[in-house]
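Q: I have a structure here, written as structure tokens, and I will follow up with some questions on it.
The values are calculated or read from the model by the stated rules, or taken from the named source; none is laboratory data. Source: prediction; values computed, not measured. Here Cβ is always computed from backbone atoms with ideal geometry, including for glycine, and neighbour counts include all displayed protein chains.
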Amino acid sequence: MSGGQYDDRGNKDATITNPTGRGELGAHPGTGHAMDTASAFLIGDSMTGGYGKGPDILHDCTIAVNPGEIAVIVGPNGAGKSTAMKAVFGMLDLRQGSVRLDGEDITDLSPQDRVVKGMGFVPQTSNIFTSMTVEENLEMGAFIRHDDFRDTMAQVYDLFPILKEKRRQPAGELSGGQRQQVAVGRALMTQPKVLMLDEPTAGVSPIVMDELFDRIIEVSRTGIPILMVEQNARQALAIADRGYVLVQGANAYTGTGKQLLADPEVRKSFLGG
Ligand SMILES: Nc1ncnc2c1ncn2[C@@H]1O[C@H](COP(=O)(O)OP(=O)(O)OP(=O)(O)O)[C@@H](O)[C@H]1O
Ligand SMILES: [Mg+2]
């Protein structure tokens with residue numbers, strides 16, 4: 001077809017023109033339904049729910065991660081990021097929607113049963129036992145295992161050498177960044193199939209943040225998909241294969257990390273310009 005007046009016609013929506021080869025990831029406002037939800041490895045699909053008998057906090061919220069990916073959730077304080085993570089981990093009764101892991105509907109499973117199925121979760125707060133030693137924390141992490149977990153502990157110490165040095169110290173004596181390493185290490189002790197991290201870099205210096213991100217990338221390269229919430233939105237989206245901006249419990253923008261970083265509205269409203 002020769003050019004002319006219709007050259008600018010056609011849908012320029014990234015979800016359709018598919019520049020990434022994964023069209024479902026196009027940055028666009030909406031519920032997140034445009035992504036390929038059927039095949040996601042871990043997905044909280046169209047989740048609606050709140051705490052106890054309280055009002056809905058999540059409104060048709062969808063978050064997912066696939067093998068080989070780091071998926072990042074960002075959004076303002078109180079947007080429901082932690083609530084979405086808790087919902088995926090089974091700490092919240094959903095009024096609508098479902099959670100699926102590797103094709104299996106796990107919506108009705110308890111958090112502990114989800115751990116058995118392969119989910120590792122590091123919550124935003126109270127994620128270590130401060131009065132126990134570093135090593136005891138890691139042992140606690142292995143609570144569901146009946147086999148020899150010393151190899152896994154050695155792997156955690158390889159990943160976080162400082163923890164080996166401090167293994168006999170009460171975890172409460174460690175710095176913020178080191179405590180986060182304990183928390184991530186504890187979650188890795190179950191040999192999870194997927195790792196969920198809620199603000200793993202909260203309260204640490206930029207240098208420690210970079211180091212933690214490097215370790216998280218390293219974990220993802222071992223084949224563990226990672227779904228994480230981050231307050232450091234720019235830095236986190238820079239390493240995200242998949243990004244979600246949540247606002248008031250709903251998906252506001254979904255895309256690759258790159259797409260979200262390049263989106264003028266996302267930049268203006270959530271990344272400080
Ligand atoms: N245990 C709870 N019981 C009742 N309401 C809660 C509970 N935890 C959170 N909320 C409410 O749910 C909403 C979302 O909170 P949530 O902690 O999920 O936000 P967030 O995006 O993780 O925020 P932050 O960036 O501060 O971590 C808020 O209005 C909050 O007050
Ligand atoms: Mg939170």
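Q: What number goes with the only condition from (1) touching a strand residue (DSSP E or B) at 6+ places or on another chain (Cβ under 9 Å); (2) β-branched (Val, Ile, Thr); (3) away from ligand 2 (no atom under 16 Å from the Cβ) that Thr222 does not pass?
A: Of the numbered conditions (1) touching a strand residue (DSSP E or B) at 6+ places or on another chain (Cβ under 9 Å); (2) β-branched (Val, Ile, Thr); (3) away from ligand 2 (no atom under 16 Å from the Cβ), the odd one out for Thr222 is (1).
Q: Being among the hydrophobic types (A, V, I, L, M, F, W, C), closer than 24 Å to Gln180 by Cβ and in a helix (DSSP H, G or I) is the filter here; which residues of the stretch 87-135 pass it?
A: Matches in the stretch 87-135: Ala87, Val88, Phe89, Val115, Val134.
Q: Follow-up question, since we're still on this one. Between a residue in the stretch 181-207 that is free of Cβ contacts under 8 Å to residues at least 24 places away in the same chain and any residue that is part of a strand (DSSP E or B) and among the acidic types (Asp, Glu), which pairs come within a Cβ distance under 7 Å, given they are 6 or more apart or on different chains?
A: Correct list of pairs: empty, since none qualify.
Q: Does Ala250 fit the bill of being of a type in the set (Gly, Ala, Ser) and more than 16 Å from ligand 1 (Cβ to nearest atom)? Even if it seems obvious, please write down each step before you answer.
A: On the way: of a type in the set (Gly, Ala, Ser): yes; more than 16 Å from ligand 1 (Cβ to nearest atom): no.
For Ala250, the condition - of a type in the set (Gly, Ala, Ser) and more than 16 Å from ligand 1 (Cβ to nearest atom) - is not met.
Q: Taking the stated definitions as given, is Ala84 under 16 Å from the mean Cα position of the chain (by Cα), more than 20 Å from Asp214 (Cβ to Cβ) and assigned to a helix (DSSP H, G or I)? Talk me through it step by step, then tell me what you get.
A: Working: under 16 Å from the mean Cα position of the chain (by Cα): yes; more than 20 Å from Asp214 (Cβ to Cβ): yes; assigned to a helix (DSSP H, G or I): yes.
Here the answer is yes, as Ala84 does meet what is asked.
Q: Something else about it: Looking at Thr107, Thr83 in this structure, which one is more than 13 Å from ligand 2 (Cβ to nearest atom), more than 19 Å from Arg186 (Cα to Cα) and of a type in the set (Val, Ile, Thr)? If you could, list the steps in order and put the result at the bottom.
A: Numbers: Thr83 fails: more than 13 Å from ligand 2 (Cβ to nearest atom).
Selected residue: Thr107, the only one of Thr107, Thr83 that is more than 13 Å from ligand 2 (Cβ to nearest atom), more than 19 Å from Arg186 (Cα to Cα) and of a type in the set (Val, Ile, Thr).
Q: Now, a different point. Please verify whether Ala183 is more than 16 Å from ligand 1 (Cβ to nearest atom) and within 15 Å of the chain's Cα centre (by Cα), treating the condition exactly as stated. I'd like the intermediate steps shown before the answer.
A: Numbers: more than 16 Å from ligand 1 (Cβ to nearest atom): no; within 15 Å of the chain's Cα centre (by Cα): yes.
It is false that Ala183 is more than 16 Å from ligand 1 (Cβ to nearest atom) and within 15 Å of the chain's Cα centre (by Cα).
Q: Which of (1) within 16 Å of ligand 1 (Cβ to nearest atom); (2) modelled with pLDDT of 95 or more; (3) touching a Lys or Arg at 6+ places or on another chain (Cβ under 8 Å) is the odd one out, the single condition Leu109 does not satisfy?
A: Answer for Leu109: the failing condition is (1).
Q: Here is a list: Gly120, Gly172. Which entry is under 30 Å from Ser205 (Cβ atoms) and surrounded by 14 or more Cβ atoms within 10 Å (Cβ to Cβ)? Walk me through how you get there before you give the answer.
A: Working: Gly172 fails: surrounded by 14 or more Cβ atoms within 10 Å (Cβ to Cβ).
On inspection, the qualifying residue turns out to be Gly120.
Q: What's the number of the condition Val184 fails, among (1) under 24 Å from Lys81 (Cα atoms); (2) outside any helix (DSSP H, G or I); (3) touching a Pro at 6+ places or on another chain (Cβ under 9 Å); (4) not basic (Lys, Arg)?
A: Among (1) under 24 Å from Lys81 (Cα atoms); (2) outside any helix (DSSP H, G or I); (3) touching a Pro at 6+ places or on another chain (Cβ under 9 Å); (4) not basic (Lys, Arg), the lone unmet condition for Val184 is (2).
Q: Quick one: would you say Thr190 is part of a loop (DSSP other than H, G, I, E, B) and either surrounded by 24 or more Cβ atoms within 10 Å (Cβ to Cβ) or touching a Ser or Thr at 6+ places or on another chain (Cβ under 8 Å) (or both)? It would help to see each step written out before you state the result.
A: Values: part of a loop (DSSP other than H, G, I, E, B): yes; either surrounded by 24 or more Cβ atoms within 10 Å (Cβ to Cβ) or touching a Ser or Thr at 6+ places or on another chain (Cβ under 8 Å) (or both): no.
For Thr190, the condition - part of a loop (DSSP other than H, G, I, E, B) and either surrounded by 24 or more Cβ atoms within 10 Å (Cβ to Cβ) or touching a Ser or Thr at 6+ places or on another chain (Cβ under 8 Å) (or both) - is not met.
Q: Condition check: surrounded by fewer than 24 Cβ atoms within 10 Å (Cβ to Cβ), at pLDDT 95 or above and over 20 Å from Gly203 (Cβ atoms). Does Val219 satisfy that?
A: Numbers: surrounded by fewer than 24 Cβ atoms within 10 Å (Cβ to Cβ): yes; at pLDDT 95 or above: yes; over 20 Å from Gly203 (Cβ atoms): yes.
Answer is yes for this residue.
Q: Further, regarding this structure: Could you check how many residues of the stretch 36-73 are assigned to a loop (DSSP other than H, G, I, E, B) and not charged (D, E, K, R)?
A: Counting residues in the stretch 36-73 that are assigned to a loop (DSSP other than H, G, I, E, B) and not charged (D, E, K, R) gives 14.
Q: Among the residues of the stretch 251-273, write down those that are within 22 Å of Pro200 (Cα to Cα) and of a type in the set (Gly, Ala, Ser).
A: Gly255, Gly257, Gly272
Q: Any residue that is in contact (Cβ under 8 Å) with a residue 12 or more places away in the chain, more than 29 Å from Thr83 (Cβ to Cβ) and in contact with a strand residue (DSSP E or B) (Cβ under 7 Å, 6 or more places away or on another chain) - is there at least one of those in the stretch 124-134?
A: Initial filter on the stretch 124-134 (in contact (Cβ under 8 Å) with a residue 12 or more places away in the chain): 124, 127-134.
Next, from what is left, pick out any that are more than 29 Å from Thr83 (Cβ to Cβ): 133-134.
If we keep only those that are in contact with a strand residue (DSSP E or B) (Cβ under 7 Å, 6 or more places away or on another chain) as well, we get 133.
Yes - at least one qualifying residue is present in the stretch 124-134.
Q: Now, a different point. Of the residues Met140, Met196, which single one is under 22 Å from Arg114 (Cβ atoms), among the aliphatic types (A, V, I, L, M) and within 16 Å of ligand 2 (Cβ to nearest atom)? Working first, answer last.
A: Numbers: Met140 fails: within 16 Å of ligand 2 (Cβ to nearest atom).
Criteria check complete, one pass: Met196.
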